[in-house]
Amino acid sequence: MTSSSPLRMQPASPVARTSLAQPTPSTSTGTMRRVTLGVARSAVWLGLALLAIAVLYPLLWMVFSSFKDNSEVFASPWGLPGELRWGNFAKAGDAGVVRYFVNSILVTTASILTTVLFSAWAAYGLVRLRVPFAGTMLGLLLGGLMLAPTVALIPLFGLLQDLRIYDSYWALIVLYTAFRIPFTTFLIRAYMTDIPGEVDEAAKLDGCTPTQAFWQVILPMCRPILVSAALLQALFAWNEFVFALVFISTGDLKTLPVGLMDMQSRLLTDWPVQFAGLTMAALPMIVLFLIGQRQFLRGLTDGIGK
Amino acid sequence: MSTTSTRWRSVAWVLPAMVLLLVFVYYPIVENLRLSLFSWNAFSVSPTFVGLDNYRTAFGDPIFWTALRNNTVFAIVSLLCQVGVSLVLAAVLEEFVHDRLRGVLRTIYFIPAVISITVAGILFSFLYNPRIGLLNRLLDTVGLDSWQHSWLGEPGTAMGSIIAMSQWQSIGYTAILFVVAIQRIPKEFHEAAKVDGAGPVRRFFSLTVPMVREMTTLVMILTISGAFLVFNEVMVMTAGGPSNSSQVLGTWLYRNAFLNDDMGYASAIATVIFVITLGIGLVQIAVGRRRRIEY
């Protein structure tokens, strides 16, 4: 990864290729116009390249610095690390990153299961089964899209204590599920609506109850959107901060976003280890995104467009 | 087949979702309104009813207004970047870049959106750090050393530095949304405009911009409400400091609730946030409805 990414940042050759490959559409344009267009085109490419560098460089700096030692961080901030010091990652792991990592995985996985399952059930009920008060429920879901965690923070503090799940994984799992059900249900509902009604009819003729039809026919047909929903929930739960900050007080139960912040104040000037911790936290989502890019984007655009 | 009893039995399918939604999303919002009328802290046995006193405290509190102003600046800058710059970026990607490279660039620009705000925030606080950070060194290299700052440590630059980080993180995300909207424009429109001799700039303003209007509205709404809910970035990078200069409504709420233990006042701030986001949501619904009547 470290060796191939800088290569991507050189936009020079593709520039030349495209401007040659696409001759300017000249109907009645003079040379002047073509020159201006050429200049504009170069400016556009320069802009795109600079933006790509501005986006990538901080991340590369993070990865490079996590292999350096403290003096190297100061002496050669721009360069590659002199050697690959994997020990920094081990130190970051011991300083708590591994613990936070495990917590994040637990909470994320559990909330993916509950969110996707409950949302798929709700979508099925709303789209296929003519649930009473379906309109009211849709209204509630729509309103739920707009309600923000921050506003609910103080009452939830009391509520979670009354339910005796404050300062436990359950607090986060329950909240991550509840606050993401509206979005996920709309996402799955939009997809289910597009499945023709004949599918249900056929299942019924084959002797399926609605429950069997859901598990054996509808749910498998929804697989693409379920994958998208799961990925987006993973992104949300892995990165969520407010709830994790307020509702977990035991250090050993903290998830990555809050744990990293704690670590920052604990490690202070051990820069390479801090960079290593950041890299470890960022990597899973970047990898997941690069693998499942198409599903990610489908979820985002479908969820937002309908 | 669908008798009343089977219809009612089907409620079981939506029940878990609805119960969670009502208990953990709706109940707290309503309860918050009630709590904002009391003076109480986490240990008080019996909160005392104080009417609208908490709101009076808010409106007389200079830091509340600093926070509100910071949220507003956040919203304005984000609108310019997330709507203006992103739309241009998306249009440029679709217009000038051929397929393979376009995919690569889109992926690159999107990456910051998948790392957590905490990671991005800590990373940028290192980047702004006067001792190890790249920003001051970069300014030094290009001869602008007089522009160097302790970016997060000075009241004048802290908020701006946080806002800049947030733009870095989300510009690729909104650009992708615009890319999708642009791809939904029928190809023939652009072909026809080209035949008529319209250049890329002309086509952007008279074709692309009007055709993606719906997405523009949506991104505007998301951006504005996001700006008034901002919390994580500020908490990680400055926690509202130095001397409350980068306080936003979310962090001011958090500080009052969980550090100053003035829960009643914090609930009032939460209600203000709620009213603002509700207003934005209602605008969204109104705009959506108007559009439907238009067609």
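The values are calculated or read from the model by the stated rules, or taken from the named source; none is laboratory data. Here the structure is a predicted model, which means the values were calculated and not measured. Because the Cβ atoms are built from the backbone with ideal geometry, glycine has one as well, and the counts that use them run over all protein chains shown.
Quick notes
- Only residues that are touching a Phe, Trp or Tyr at 6+ places or on another chain (Cβ under 8 Å) and either in contact (Cβ under 8 Å) with a residue 24 or more places away in the chain or surrounded by fewer than 16 Cβ atoms within 10 Å (Cβ to Cβ) (or both) were counted across region B:201-210, and they come to 0.
- Look at (1) exposed (fewer than 15 other Cβ atoms within 10 Å of the Cβ); (2) polar (S, T, N, Q); (3) assigned to a helix (DSSP H, G or I); (4) at pLDDT below 80 and you find that A:Thr2 fails only one, number (3).
- Filtered residues of region A:265-283 (kept if among the polar types (S, T, N, Q), assigned to a helix (DSSP H, G or I) and under 20 Å from B:Thr238 (Cβ atoms)): A:Ser265, A:Gln274
- Checked against (1) over 28 Å from B:Ile273 (Cβ atoms); (2) more than 8 Å from chain B (Cβ to nearest Cβ); (3) of a type in the set (Phe, Trp, Tyr); (4) not in a helix (DSSP H, G or I), A:Tyr166 passes all but condition (1).
- Just one of the listed residues (A:Val63, A:Val102) is touching a helix residue (DSSP H, G or I) at 6+ places or on another chain (Cβ under 9 Å) and either within 12 Å of chain B (Cβ to nearest Cβ) or over 23 Å from B:Pro200 (Cβ atoms) (or both), namely A:Val63.
- Filter result for A:Leu142 (of a type in the set (A, V, I, L, M), assigned to a helix (DSSP H, G or I) and surrounded by fewer than 16 Cβ atoms within 10 Å (Cβ to Cβ)): yes
- Residue match in region A:153-162 (condition: within 30 Å of A:Pro224 (Cα to Cα), part of a helix (DSSP H, G or I) and either polar (S, T, N, Q) or more than 10 Å from chain B (Cβ to nearest Cβ) (or both)): no
- The set of residues from region A:257-286 being under 11 Å from the mean Cα position of the chain (by Cα) and surrounded by fewer than 20 Cβ atoms within 10 Å (Cβ to Cβ) comprises A:Pro284, A:Ile286.
For every residue, the table says whether it meets (1) surrounded by fewer than 19 Cβ atoms within 10 Å (Cβ to Cβ); (2) at the interface with chain A (Cβ under 9 Å from one of its Cβ atoms); (3) among the aliphatic types (A, V, I, L, M).
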| position | (1), (2), (3) |
| --- | --- |
| B:Thr238 | no, no, no |
| B:Ser245 | yes, no, no |
| B:Leu249 | no, yes, yes |
| B:Asn256 | no, no, no |
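- Counting the residues of region B:191-213 that are closer than 28 Å to B:Ile76 by Cα, modelled with pLDDT of 85 or more and not polar (S, T, N, Q) gives 10.
- Between B:Ile63, B:Ile132, B:Ile111, the distinction of being in contact (Cβ under 8 Å) with a residue 60 or more places away in the chain and facing another protein chain (nearest Cβ under 7 Å) belongs to B:Ile111 only.
- B:Glu188 falls short on exactly one of the conditions (1) within 30 Å of A:Arg33 (Cβ to Cβ); (2) out of contact with any helix residue (DSSP H, G or I) (no Cβ under 6 Å at 6 or more places or on another chain); (3) within 12 Å of chain A (Cβ to nearest Cβ), and that condition is (3).
- Any hit, region A:131-147, residues being over 29 Å from B:Arg7 (Cα atoms) and either out of contact with any strand residue (DSSP E or B) (no Cβ under 7 Å at 6 or more places or on another chain) or facing chain B (nearest Cβ under 8 Å) (or both): yes
Matching residues to (1) of a type in the set (Asp, Glu); (2) assigned to a helix (DSSP H, G or I); (3) more than 10 Å from chain B (Cβ to nearest Cβ); (4) in contact (Cβ under 8 Å) with a residue 40 or more places away in the chain:
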site: A:Ala230; (1), (2), (3), (4): no, yes, yes, yes
site: A:Leu235; (1), (2), (3), (4): no, yes, no, yes
site: A:Trp238; (1), (2), (3), (4): no, yes, no, yes
site: A:Ala244; (1), (2), (3), (4): no, yes, no, yes
site: A:Met263; (1), (2), (3), (4): no, yes, no, yes
site: A:Met285; (1), (2), (3), (4): no, yes, no, yes
site: A:Leu288; (1), (2), (3), (4): no, yes, no, yes
site: A:Arg294; (1), (2), (3), (4): no, yes, yes, no
site: A:Leu300; (1), (2), (3), (4): no, yes, no, yes
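- Residues of region B:48-97 satisfying the condition of being within 20 Å of B:Arg184 (Cα to Cα) and not in a helix (DSSP H, G or I): B:Val97
- Note on region B:165-190: among residues that are among the small types (Gly, Ala, Ser) and within 16 Å of B:Leu93 (Cβ to Cβ), the one that is modelled with the highest pLDDT is B:Ala175.
- Cβ-Cβ contacts under 8 Å between residues 6 or more apart (or on different chains), taken from a first residue in region B:176-199 that is closer than 23 Å to A:Thr301 by Cα to a second residue that is of a type in the set (D, E, K, R), are listed as B:Ile176/B:Arg106; B:Val179/B:Glu94; B:Val179/B:Arg106; B:Ala181/B:Glu214; B:Ile182/B:Glu94; B:Gln183/B:Glu94; B:His190/B:Arg203.
- Within region B:8-59, tally of residues that are within 30 Å of A:Val127 (Cα to Cα) and more than 27 Å from the chain's Cα centre (by Cα): 10
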